[in-house]
Amino acid sequence: MKKQWWHKKVAYQIYPKSFADSNGDGIGDLRGIIGKLDYLKELGVDIVWLSPIYASPLADQGYDIADYYRIDPRFGTMDDMDELLKEAHKRGISILMDLVVNHCSDEHEWFRKACQDPEGKYGKYFYLEHTSDPTTLCNWRSYFGGSVWEKLPGHEDYYYLHVFHRKQPDLNWENPELREDIYKMINWWLDKGLDGFRLDAIINIKKALPFKNYPADRDDGLAACTTQLHDAEGIGAFLGEMRDRCFKPHNAFTVGEVFNEKEEELPDFIGDNGYFSSMYDFLETVFGQSQKGWQDNRDITPDDYRNCVFATQKKIADIGMISNIIENHDEPRGVSRYIPEGDITPVSKKMLATVYFLLKGLPWIYQGQEIGMENLKISSIDEVDDISSIDSYQVALKAGVSEQDALRMIEKYGRDNARTPFQWNTSDHAGFTTGQPWLRVNPNYPEINFADQEQDPESIFHYYQKLIRLRKSEKYGDTLVYGDLVPYLADQHNVMAYFRQTEGQKLLVIANYQSEPRKLPLPGTVKKVLLSNLDSVKYDETSVSLEGYQVAVVEL
Ligand code: TEU
Ligand code: CA
């Protein structure tokens, strides 16, 4: 693996709508982010990804873009964006935007023109099918439920494809003219000084063509959109072209949101001349998911979590630098997902932070994770904003799940969990806004908020700072960034342990992933304890005694 400027960095995801509101309209905005740059600096963050802030009807919270060249007025102005870039760069922070190019909004000019003239230039920017009989269309199910086909507005005999929401028509990447327009737009942003992109849902830009039916996987007669992806060959031509035309000439940093990749393609994706700088590991994220719907999902245990993480580490080895997360804006809070119910405490949260953060790869923190924000309780479906949760709720009810159980299911898997406003302090609405927040604040903010944690040297926030400092330290940085990862005691129930090692240095991260204390063997003499989530680590020549959810990072 060739060394890159970003390997030793720490990355952070901002969901702008819920981060900080500067003008009291209840919606987070760019000026809010500018006001928190010193906060990010204090935490130790170097790279920031902003979820979409482009002009958008916000049908899918900005993942439906109406104009790639404009900032949505709810988030601010282009001047604010320029100022954000300038102020971030002053502090040594790189800014990434979300590149959402599998689809745009049905309110984008291209789509409007396609509606006016389906056989004209812009009709070819989309996947349109000319038929008055919808039963001839293929049976793919969109990610947000229902058929991927929708009648083209103003026409009785045209349908357009949308693998996500019907307000997100898919762009036709097979069309070179569309690709040119996309590259022009990407280069426009990079020329402006943007440092790179996170590539949204990028695996979907290649479809299995010609369209055909797949065996139905639910009684709606449809087949999940992911099924056809197995037959979609040749995405590399698009991704390689985009790299060569846009990212490479600008030396831009890119991270792919890649699900369903084919294992043999990994070197093409994130190898030395990969399409992207990095991509996320989602093996543990998708663990337990069922084609049938959320009601049929299986919980993830500590052993499952460890096994997923180690499987990815083994698969990636030295091919490139994977990106490690425990949560993002599409997922429940990591502490609520990966720590067994009833055991979620500051100690276990720090344990989880340690075991994922010190893996080989680029560590990412999702806003609020650094103060241990948790999932949200809901009492009625009316409180839910997320379109994916609302669809999953309907699917569950149809499958015979009770309303109560369906709500519990959304509490577990819903995207709102991660989208509640950042909990800055104990004042009204957790200090996120002086107005009415667009999505309600998690009522636990009097207990979980940044202001309190800033005062408390033992807080989760300060623990994240320690992790960041350790990964960036002169003495251990090279090992933590480039050292091999070798699993340890991987067959032991509720243990997550691994070595990070280079020639001449051997570190051990060892966690007791359960509430009962236990004694575990040590493979060598401890030279130094580098970090733990409890005051002291008890060990002797041959073993270490760990309290419930205790983790220790030691040099051997
Ligand atoms: O998500 C892509 C994705 O693959 C989805 O399956 C996602 O996991 C699902 O929505 C969870 O319920 C990206 C964005 O991260 C997401 O916020 C967008 O809704 C989606 O693309 C469409 O742009
Ligand atoms: Ca605002």
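Observations
- Descending semi-axes in whole angstrom, ellipsoid equivalent of the chain, from the Cα gyration tensor: 39, 25, 25
- Using a probe radius of 1.4 angstrom, the carbon and sulfur fraction of the accessible surface of region 258-313 is 44%.
- Cα-based Lys pair tally, region 175-267, threshold under 27 Å, eight or more apart or on separate chains: 11
- Carbon/sulfur fraction of accessible area - region 379-470, other protein chains in place, 1.4 Å, %: 49 percent
- Computed from point charges on the beta carbon alone (+1 for Lys and Arg, -1 for Asp and Glu), the dipole magnitude for region 334-409 about its Cα centre is near 460 Debye.
- Rg/Rh ratio calculated on Cα atoms of region 21-77 (Kirkwood radius): 1.01
- Cα principal axis extents for region 1-40, largest first, Å: 47, 17, 11
- Averaged over its residues, the chain has an accessible area of 38 Å² per residue, based on protein heavy atoms and a 1.4 Å probe.
- Whole-number D in µm²/s for region 1-142 (Stokes-Einstein; Kirkwood sum over Cα pairs; 10 °C, 1.306 mPa s): 91 µm²/s
- The smallest convex shape that holds all Cα atoms of region 356-415, its convex hull, gives 119 Å³ per residue.
- Ellipsoid equivalent to region 322-477 - semi-axes via the Cα gyration tensor, in Å: 30, 19, 13
- Binned Cα-Cα distances of region 431-502, short to long, each 10 Å bin given as a whole percent: 16, 25, 26, 22, 10, 0
- Loop-located trypsin sites (Lys or Arg not before Pro) in region 406-506 (DSSP state other than H, G, I, E, B) with a sparse environment of at most 12 neighbouring Cβ atoms within 10 Å: 475.
- Region 411-547 - convex hull of alpha carbons, volume per residue in Å³: 168 Å³
- Here's the picture: charge each Lys and Arg Cβ at +1 and each Asp and Glu Cβ at -1 in the chain, and of 88, 534, 99 the one pushed furthest to the positive end of that dipole is 534.
- For region 362-507, a crude dipole built from +1 on the beta carbon of Lys and Arg and -1 on the beta carbon of Asp and Glu, taken about the Cα centre, is about 460 debye to the nearest 20.
- Listed residues 114, 210, 488: farthest to the positive end of the dipole of the chain (Cβ charges): 488
- Exposure ranking of 167, 349, 248 by accessible area [1.4 Å probe, largest first]: 248, 167, 349
- Relative to the Cα centre, the charge distribution of the chain, modelled as +1 at Lys and Arg Cβ and -1 at Asp and Glu Cβ, gives a dipole magnitude of about 1560 debye.
- Carbon and sulfur %, accessible surface of region 46-94 computed with the full protein complex present, 1.4 Å: 49 percent
- Applying the Kirkwood pairwise sum to the alpha-carbon positions of region 482-555 produces a hydrodynamic radius of 12.4 angstrom.
- For residue 1, solvent-accessible area (1.4 Å; no DNA, RNA or ligand), Å²: 60 Å²
- In summary, region 166-297 shows an alpha-carbon radius of gyration equal to 1.17 times the 2.2 N^0.38 Å reference for compact globular proteins.
- Calculated [θ] (222 nm, deg cm²/dmol) that DSSP helices of n ≥ 4 give over the chain, each run adding -39,500 (n - 2.57): -8000 deg cm²/dmol
- Classification of region 242-297 by its C-alpha gyration tensor yields a prolate form. The axis ratio a/c (a ≥ b ≥ c) is 1.5 or more, and a/b outweighs b/c.
The values are calculated or read from the model by the stated rules, or taken from the named source; none is laboratory data. For clarity, every value in this text was computed on a predicted model and none was experimentally measured. Cβ coordinates were reconstructed from backbone atoms using ideal geometry, including for glycine residues, and neighbour counts include every protein chain displayed. In case anyone asks, the SASA skips ligands and DNA or RNA and just uses the protein heavy atoms, side chains included. Shrake-Rupley method; radii C 1.70, N 1.55, O 1.52, S 1.80 Å.
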